[in-house]
Amino acid sequence: MAACITCHGREGQASNSDYFPRLAGKPALYLYEQLRSFRDGRRQQSEMSYLLANLSDAYLREMAEYFSALDRPYPAPTPSDLPADESSRGKALIFRGDAARGIPACISCHGEALTGLAPGIPGLLGLPRLYIASQLGAWVTGERRAAAPDCMAEVGRRLDSKDIRAIAGWLAAQPMPARPAASPQPARLPLACSAVEPRG
């Protein structure tokens with residue numbers, strides 16, 4: 001795990017001003033799948049791919065469980081510099097989506113508190129704005145992929161650069177709730193990403 005903290009911070013805590021995301025407390029299955037995606041080429045980042053190239057699934061699972069079990073405080077959020085209309089746009093997409101464009105609300109899969117659903121869906125709070133924006137952009141361009149069903153690939157194709165700026169800016173400025181643990185994931189998610197089809 002020592003190699004991980006070079007970028008992701010002591011005990012995977014990271015910060016809210018750098019690019020690298022927090023690992024501590026993320027759902028174990030989510031972390032495991034991301035490690036596999038870097039190792040197997042579905043996600044592209046040269047250092048991650050190099051570090052994980054020869055590691056077994058069992059070792060990746062051990063890493064994921066280690067970081068998932070860490071319960072550490074979150075830093076205060078960075079104040080938003082978004083204009084009010086952009087901030088409102090981001091909040092609306094996060095909580096209501098845009099049915100006319102086939103974009104589901106973020107809370108449909110990431111939970112009402114945006115802290116994720118255990119064991120496999122990550123929270124969206126406590127992440128740097130640059131990281132959120134870059135990952136949404138990677139879904140748009142197809143640089144980031146996931147094992148099927150790749151719901152975020154479907155959502156990403158429907159976002160534009162203004163959506164991404166607004167979503168990332170609003171999320172990064174929000175404080176974590178007092179008890180930020182992921183909620184239990186239901187047997188069936190409340191809304192499949194592909195369930196909202198564009199009208200017309």
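For helix 161-172, what angle does its Cα long axis make with the longest principal axis of the chain, in degrees from 0 to 90 and rounded to 10? Once rounded, the angle reads 60 degrees. Convex hull volume of the C-alpha atoms in region 1-78, normalised per residue: 89 Å³. For the chain, the C-alpha radius of gyration divided by 2.2 N^0.38 Å, with N the number of residues, is 0.99. Its Cα gyration tensor gives region 48-90 an equivalent ellipsoid, and the semi-axes of that ellipsoid, as √(5λ) in whole Å with the largest first, are 37, 16, 9.
For the Cα atoms of the chain, what angle does the longest principal axis make with the long axis of helix 84-95, in degrees from 0 to 90, nearest 10? So the helix axis and the longest Cα principal axis differ by about 70 degrees. Report the residues of region 3-36 in range of a label on T78: point 7 Å along Cα→C-beta, backbone N strictly under 18 Å from it. Counting backbone N atoms under 18 Å from the label point, the list is 7-10, 13-23.
Couplings 3J(HN,Hα) for region 101-118, derived from phi with the Karplus relation 6.51 cos²θ - 1.76 cosθ + 1.60 (θ = phi - 60°), are 9, x, 9, x, 5, 4, 5, 4, 10, 9, x, 4, 8, 6, 9, x, 10, 6 Hz, where x marks Gly and Pro. About its Cα centre, the dipole of the chain is roughly 220 debye, where the only charges are +1 on Lys and Arg Cβ and -1 on Asp and Glu Cβ.
Read-outs: derived from the displayed coordinates by stated rules, not from any lab. The structure presented is a predicted model; accordingly, all values stated were derived computationally and were not measured. Neighbour counts are summed over all protein chains in view; Cβ atoms, including those assigned to glycine, are modelled from backbone coordinates with ideal geometry.
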